[in-house]
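Enquirer: For reference, the structure I am asking about is given below.
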Amino acid sequence: MAIYSFWIFDRHLGNCIFDREWTLKSNQSSGTTNSKLNEDTAKLLYGMVFSLRSISQKLSGEGSHNEIRTISTGKYRAHILCTASGLWFVLLSDLKQEDLSHVLRYLYSEIYVKTVVHNWFSPVDFAESDSEKRGQGFRKIRNRNFLASVERFLGPMVN
Amino acid sequence: MSANSASISASSAGPKKSLKTFGDDIWKNKTAKINAELFTLTYGSIVSQLCTDFERDFKKVNSQLYAMGYNIGVRLIEDFLARTALPRCDSLAQTSEVISKCAFKIFLNVTPQVGNWSNNKDAFSLFLDENPLSDFVELPMDAAKELWYSNILCGVLRGALEMVQMDCDVWFVNDVLRGGQSTEMRVKLNRIMKDEIPAGED
Amino acid sequence: MLTEAWNFPKSFTFLLLKLQRASAKHNNTNLVLYRMSHKIINPSTSVAPANAAGSTGYDYTIGPQQTLPNTSAQSVASTLAGTRSVYHESLHPGAHGSHVSVAAYAFLFQEMVSQARNASKTVSEIELRLHRHGYHIGLRLLELLKFRSSVTPGSGRSFFHKAGGPAAATAGDAASGAGNASGAVGASGASSLGNAQDESLASNITTMKRRDLRLLEVLQFVHGPVWRYLFDRASDDLVKSSERENEYMIIDNTPSITRFISSTNVQCDFFVCGIIEGVLDLASFPCTVTAHSVPEDKFNRRVVFVIRFDQEVLEREALRF
């Protein structure tokens, strides 16, 4: 079992509010990273999901829900959970993981909801002004409980 | 995911009955519960404190309750979606059913009646036969004309619906506490907001 | 019918006096009064419910009135005809929806904390505000819980199964002066649970429990019934301080209403302190209650509520026996 990275995009599509990559050695201690590299990866990943999602929805016709769940490539698989409120949870794993939707759902309902949504000291909208929307945002989830829970839950699955 | 697909297929089969079972099931089996009276008392203490803070200017109290509700709504929607895994609704009719049979049921264990649809189907009313916020409450005379005691609910709905891209106005039309025949909340859909589109796509 | 005199049950007037006293202490006016049912102690005449049904509220600025002001009375009375008044509601714990979700409560509670935070300049001010919120709840709990615990054992079970018969009769009796509103509901809804709403808890009580007079009794009451009412379980421990004579501690290993809050600098459990203090104060055990976070191995959110009784309590305690 191998999970490579975990990303959350907020409702201002393209704003990455959380990223955690386990394959980069230098980030192991910090938990989050703001490196330029990750920022670019986030944009690319977001773009890929966004495009495939629009296309698949168009193909399925008007009026029916058709959310994209996984995207497989030759080297990795992306697992995606899009909530009705516009949040995207994305996990990148190796090809052996057929379906991680239960993991994503747990991350959403047990970790994100409990440590971010129910925590009044943490914002739920990370864009503080209009200029920070549409992918221009830079604020991340910094909540200790959230970071610790993600680490505790996903850590054992990394390798 | 199973809940997700179940609810989708159910909604096409006949949303009324199945949404009710769906909501009841979540309430019964997947919801931690707390004494409703503590909830009632806590809310009462909040309203009473606001009335003191605003020197019994009930218009201000109404809007403050609404603002509090909004803050709650934008968060509550995530909790709701996480628990139900429901997709966005196709129609306002479906939304009204989800609000009454799932949302109110899961959070407050009541199921308001939906009714009073406007002619062009862009507004409906929720009739609260039971309201856990206002059990045992009687308004003082000066408040009975202006205060919407449960106004926090309007804010909650407004905030929650906005997060699923529905721009709605929500307000109280009537309240038994003010001597009305029923407690009626009105929800009017102004427009469905477009999801933001990333830079370069438009 | 509007010219009839207001008839308050004695117990209610008594409660009001206490609330006023409590309000004075906190320099705060009560807007919303949670009433005990009019059926607790029968009023001397049967017309009291009629007046109750004809008002929209107790005017806190004037107090009990002989007649309602003419202007509003007409319209109010006409709109209210046919609706149920708060006086007709049962105090039975099952009469209303008995539970709401913890999530709903957590959202409300956190918004309350955030309100307090916005309105305050210092941490202690926030805590004071939360304390005040709790205090007013505590005041109400003492009466309510004593009342409920007085229910004769055994009668509680039959409560929901009793169809028609005595239940409908009492409901009808009580409402006879109030027009047909609740009487009709009482009779028609006699089949199942609908009935529960109309039966007064008082009919299940033969003798009221006496008030707790000893310090330990009242502490046991907080540790047991109050905690069970609030959190569905007794508190984890009740300890007497070995250092100070007037100090007692109630320990909660897993405080339930503050579990979503991750802040460490504001002690949100002051809300619960307020509840405890309200209960004890109304029981005539004036005290100060503070909350302290004391984590232990398994319980990282463990809270100790320290109760310091006023000197007069100890003196009184020493006088008896």
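The values are calculated or read from the model by the stated rules, or taken from the named source; none is laboratory data. Computed from a predicted model, the values in this text were never measured in an experiment. So basically every Cβ, Gly included, is an ideal-geometry build from the backbone, and we count neighbours across all protein chains shown.
Enquirer: Would you confirm whether any residue within the stretch A:71-79 is in a strand (DSSP E or B), within 13 Å of chain B (Cβ to nearest Cβ), without any contact (Cβ under 8 Å) to a residue 40 or more places away in the chain and under 28 Å from residue A:127 (Cβ atoms)?
Expert: yes
Enquirer: So residue B:49 passes all but one of these: (1) touching a His at 6+ places or on another chain (Cβ under 8 Å); (2) within 14 Å of chain A (Cβ to nearest Cβ). Which condition number does it fail?
Expert: Checking residue B:49 against (1) touching a His at 6+ places or on another chain (Cβ under 8 Å); (2) within 14 Å of chain A (Cβ to nearest Cβ), the one that fails is (2).
Enquirer: Go through the stretch B:156-177 and count every residue that is in contact with a strand residue (DSSP E or B) (Cβ under 9 Å, 6 or more places away or on another chain), in contact (Cβ under 8 Å) with a residue 24 or more places away in the chain and either part of a strand (DSSP E or B) or farther than 18 Å from residue B:105 by Cα (or both).
Expert: So the answer is 7.
Enquirer: Which residue is nearest to residue B:61 (Cα to Cα), if the candidates are limited to the stretch B:148-184 and must be facing chain C (nearest Cβ under 9 Å) and aliphatic (A, V, I, L, M)?
Expert: Checked the stretch B:148-184; the qualifying residue nearest to residue B:61 (Cα to Cα) is B:152.
Enquirer: Give just the number: which of (1) within 26 Å of the chain's Cα centre (by Cα); (2) more than 26 Å from residue B:47 (Cα to Cα); (3) among the polar types (S, T, N, Q); (4) at pLDDT below 55 does residue C:176 not satisfy?
Expert: (1)
Enquirer: Picking from B:143, B:103, which residue would you name as being under 21 Å from residue B:40 (Cβ atoms), modelled with pLDDT under 90 and not basic (Lys, Arg)? Spell out the reasoning first.
Expert: Values: B:103 fails: modelled with pLDDT under 90.
Result of the check over B:143, B:103: B:143.
Enquirer: So which of C:254, C:258 is closer than 26 Å to residue C:110 by Cα, modelled with pLDDT under 90 and buried (at least 22 other Cβ atoms within 10 Å of the Cβ)? Don't jump to the end; show me each part of the working.
Expert: Values: C:254 fails: buried (at least 22 other Cβ atoms within 10 Å of the Cβ).
It is C:258.
Enquirer: Looking at this structure, is residue B:71 surrounded by fewer than 22 Cβ atoms within 10 Å (Cβ to Cβ), of a type in the set (S, T, N, Q) and within 12 Å of chain A (Cβ to nearest Cβ)?
Expert: yes
The rows are residues; the columns are (1) over 30 Å from residue A:116 (Cβ atoms); (2) in contact (Cβ under 8 Å) with a residue 24 or more places away in the chain; (3) of a type in the set (Asp, Glu); (4) not in a loop (DSSP other than H, G, I, E, B).
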position: C:207; (1), (2), (3), (4): yes, yes, no, no
position: C:221; (1), (2), (3), (4): yes, yes, no, yes
position: C:239; (1), (2), (3), (4): yes, no, no, yes
position: C:242; (1), (2), (3), (4): yes, no, no, no
position: C:248; (1), (2), (3), (4): yes, yes, no, yes
position: C:255; (1), (2), (3), (4): no, yes, no, no
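Enquirer: So is residue C:315 assigned by TED's automatic domain parsing to the domain that holds residue C:136, out of contact with any Leu (no Cβ under 8 Å at 6 or more places or on another chain), closer than 28 Å to residue C:123 by Cα and in a helix (DSSP H, G or I) or not?
Expert: no
Enquirer: Oh, and also: Of all residues being at the interface with another protein chain (Cβ under 10 Å from one of its Cβ atoms) and in a helix (DSSP H, G or I) in the stretch A:94-105, which is surrounded by the most Cβ atoms within 10 Å (Cβ to Cβ)? Just the residue, please.
Expert: Here the answer is A:104.
Enquirer: Considering only residues that are among the charged types (D, E, K, R) and within 13 Å of chain C (Cβ to nearest Cβ), which ones fall in the stretch A:138-155?
Expert: Correct list: A:142, A:144.
Enquirer: Something else about it: Name every residue in the stretch B:101-129 that is more than 11 Å from every other protein chain (Cβ to nearest Cβ), buried (at least 22 other Cβ atoms within 10 Å of the Cβ) and over 20 Å from residue B:148 (Cα atoms), in order of residue number.
Expert: Within the stretch B:101-129, B:101, B:102 qualify.
Enquirer: Among (1) in contact with a helix residue (DSSP H, G or I) (Cβ under 6 Å, 6 or more places away or on another chain); (2) more than 14 Å from chain C (Cβ to nearest Cβ); (3) surrounded by fewer than 21 Cβ atoms within 10 Å (Cβ to Cβ), where does residue B:135 come up short?
Expert: (2)
Enquirer: Another question, if that's okay. Considering only the stretch B:57-154, give the helices (runs of 4 or more DSSP H) lying wholly within it that have at least 2 residues that are within 18 Å of residue B:168 (Cα to Cα).
Expert: B:58-84, B:92-97
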